[in-house]
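*Asks:* Handing you a structure now.
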Amino acid sequence: MEKRGSGLRKICDETAKLPNFTLDKMPMFESAGQTFMTTVYNVNVAQSVAQNVAQNVAQNINRHQAIVEMITENDCITRKQMAENLGVSKKTIERLLTEMKNIVKYEGSSKNGHWIILKNKKT
């Protein structure tokens, strides 16, 4: 049998070995009456969020460029066709087109309209 309280030291030691560990992420132990509470912080959150943001921005830039290329090839392309070509939902295309409101514009009726490229985005 291990010494009483040695598990708490092991938790702290193992947490300190994790990548992205900082002292403010050290586990906390609290005892009040018959209640004992342990708080263990997620040391991967900052890295994951930053990494996801960078990936999403790059992915959206690529999608913006792909949409401009599709419109250049076929100015009557539908949102549904764009979604199928990019392998995303129609809702994603609508969100991307909203982000691109200063770059592309749909003009005319839903049956006889067409896309206009206001300015070509080169990023």
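The values are calculated or read from the model by the stated rules, or taken from the named source; none is laboratory data. Every value quoted in this text rests on a predicted model; they were computed, and no experiment measured them. Note that each Cβ is placed from the backbone with ideal geometry, even for glycine, and that neighbours are counted across all protein chains shown.
*Asks:* Condition test on Phe21, is it of a type in the set (Phe, Trp, Tyr), surrounded by 11 or more Cβ atoms within 10 Å (Cβ to Cβ) and in a strand (DSSP E or B)?
*Replies:* On the way: of a type in the set (Phe, Trp, Tyr): yes; surrounded by 11 or more Cβ atoms within 10 Å (Cβ to Cβ): yes; in a strand (DSSP E or B): no.
When the stated conditions are applied, Phe21 does not pass them.
*Asks:* Just to verify a result, which residue in region 51-100, among those that are of a type in the set (D, E, K, R) and either more than 21 Å from Lys119 (Cα to Cα) or not assigned by TED's automatic domain parsing to the domain that holds Gly113 (or both), is farthest from the chain's Cα centre (by Cα)? Reasoning before the result, please.
*Replies:* Of region 51-100, the ones of a type in the set (D, E, K, R) are 63, 69, 73, 75, 79-80, 84, 90-91, 94-95, 99.
Narrowing further to those that are either more than 21 Å from Lys119 (Cα to Cα) or not assigned by TED's automatic domain parsing to the domain that holds Gly113 (or both): 80, 84, 90-91.
Values: Lys80: 23, Glu84: 21, Lys90: 18, Lys91: 16 Å.
Ranking the candidates gives Lys80 first.
*Asks:* Related question: Ile77: farther than 21 Å from Asn56 by Cα and assigned to a helix (DSSP H, G or I), yes or no? Before the answer, list the steps.
*Replies:* Details: farther than 21 Å from Asn56 by Cα: yes; assigned to a helix (DSSP H, G or I): no.
No.
*Asks:* Being touching a Cys at 6+ places or on another chain (Cβ under 7 Å) and not assigned by TED's automatic domain parsing to the domain that holds Lys105, is that true of even one residue in region 10-23? Let's see the steps before the verdict.
*Replies:* Quick first cut of region 10-23, residues touching a Cys at 6+ places or on another chain (Cβ under 7 Å) only: none.
No.
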